[in-house]
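Only the coordinates and a few stated rules stand behind these numbers; no lab work does. Just so it is clear, the model here is predicted, and its values are computed rather than measured. Glycine also receives a Cβ, built like all others from the backbone with ideal geometry; neighbour counts cover every protein chain displayed.
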Amino acid sequence: VDAARLHQVVANLSRNSIHYTDKPGEVCFEVSHTEQVVILSFSDSSPGVSEQDLPHLFERLFRCDKSRSRDLGGSGLGLSICEKVVEAHDGEISASHSELGGLKIEITLPKVL
């Protein structure tokens, strides 16, 4: 396990949830586990991501709002990097609509014995 890379993933997803949630908003981070996996979940309140953008969130250089400047909207690399780090740990990452009205990112990582 590369703890530094996994820390980078958690920090990036936390920053994204805070940065892209309207104020006053809600951000929820949950950790759960089974015998085989650990599940990390990041959920936030509105605004959400459109249905057509959800499948593209982990694509390199993809940004939902094309009118955002790089200073405000990021480079479009963060979620792609997160995906690569999670996959390097034999895990999975997915995006869906959050029950809070925004975005939910869920990571499933195998437990290391």
How would you order 32-40, 80-88 from highest to lowest mean count of nearby Cβ atoms within 10 Å? 80-88, 32-40
Debye calculation, C-alpha points only, no solvent: report log10 I(q)/I(0) for the stretch 1-58 at q = 0.21, 0.26 Å⁻¹, in the same order as the q values. -0.97, -1.15
So the FRET efficiency between residue 33 and residue 77, C-beta based with R0 = 25 Å and rounded to 0.05, is 0.30
